[in-house]
Amino acid sequence: MNQKLLEKSRITLLTIFVGTLPLAGAASVIAPQRIPDIYAKAATLVTVAHGRQLNLRCTGSGPQTVMLEAGSHADSTTWFRLQPILSSVTKVCSYDRAGYGFSSEGQLPRDLDADVSDLHDLIRAANIKTPVVLVGHSLGSNIVRRYAERYASDVSGMVLIDPPEQDVAAFAPEWAKSDEALNAQRFALIQRCEASAEKGELVSSAALKACGVSPNPLASEKLNAVILANKSKPAFWRTLLSELQNNAVVFSKQVSPKETHGSMPLIVLTADNTYAGAPSDVRKALEAAREKTQSQIVATSTRGERMLVDNTSHDIQLDQLEVVAKAVMQVLQQTLAPDK
């Protein structure tokens, strides 16, 4: 069987299996439609390296823990729909990375190594039982993959939510050049916003809007006030700039041929409408780049599988949370089953 047919058969089999997988207690849980106000304050502040604190939110119980890793410049609120579903059947933890939400600012640069180091410190300091199942969205998928490489004994399985395309220049060189120019403009804007935050000038909604920050339509007025207050601080802008600068480096390269996860259960979820707003020719190139990236990721494990998710944007955890929950449950079950 050639590689393309093998990939298609994996996707088909996974779709059939996930579609019938029971979620036990999760079936009776109704996911919230709006972000609850519990996110307006810190959950548990855990002290990590250099006396910093990371905001950790754990719910549910069970013999295994699922650790959720958000995407770029996102915090634990991105999991507000998924976490209640999963916590009805197992223990689930989400957290704010350094510089975001209620977590302390971290040392720069905020690259993959810094994030992996913080996550390792957090798991140890919070006495989270390992091995854990790691779930990463977008950039979070790169973080958890790097973590699994470095601390393989800490990880029993992974679910990767729409890992972004890498090495785009090989598929769309002109688009990659224009994106570099746009990045330069983004970075300059962020630096101006950081300077304004240092002067205490980002205190009005108009000032924040000029920096691209608007109220979240899924949050209450109370919660939005907290979110906007956090984003008016210089630490947020320093963190954002460093993270985006590092993203430009990470995603400019292809998946390393040296990356391997042995026989670890691994599921990659692919959103069908990630590039819905792109021109057709650009969309095809970006989809081709993502196809190669995600196929390479799947190949890093002998138990790697990929699933195409219909009717969803890049934020599958918000649009099709049941599919994500079922994928996590499948990986949880696979961690208890012998490798075949």
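The values are calculated or read from the model by the stated rules, or taken from the named source; none is laboratory data. Small disclaimer: the values here were computed from a predicted structure and weren't measured. Because the Cβ atoms are built from the backbone with ideal geometry, glycine has one as well, and the counts that use them run over all protein chains shown.
Here is how the numbers come out for the structure above:
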| read-out | value |
| --- | --- |
| The listed residue being loosely packed, with under 12 Cβ neighbours inside 10 Å, within 13 Å of Ala229 (Cα to Cα) and at pLDDT 95 or above, out of Ser204, Ser214 | Ser214 |
| Count of region 45-70 residues which are closer than 11 Å to Asp96 by Cβ and surrounded by fewer than 19 Cβ atoms within 10 Å (Cβ to Cβ) | 2 |
| Qualifying residue in region 168-190 (condition: within 26 Å of Tyr39 (Cα to Cα) and in contact with a Gly (Cβ under 6 Å, 6 or more places away or on another chain)) | no |
| Among residues of region 228-246, those that are surrounded by fewer than 20 Cβ atoms within 10 Å (Cβ to Cβ), among the hydrophobic types (A, V, I, L, M, F, W, C) and closer than 10 Å to Tyr100 by Cα, counted | 1 |
| Of all residues making up region 217-226, the number that are touching a residue at least 40 places away in the same chain (Cβ under 8 Å), closer than 22 Å to Ser104 by Cα and crowded, with 17+ Cβ neighbours inside 10 Å | 2 |
| Selected residue (only one of Val133, Val92, Val116, Val144 is under 20 Å from Val255 (Cα atoms), of a type in the set (A, V, I, L, M, F, W, C), buried (at least 22 other Cβ atoms within 10 Å of the Cβ) and modelled with pLDDT of 95 or more) | Val144 |
| Hits in region 159-180 - residues which are small (Gly, Ala, Ser) and either modelled with pLDDT of 95 or more or under 13 Å from Ala289 (Cβ atoms) (or both) | Ala169, Ala170, Ala172, Ala176 |
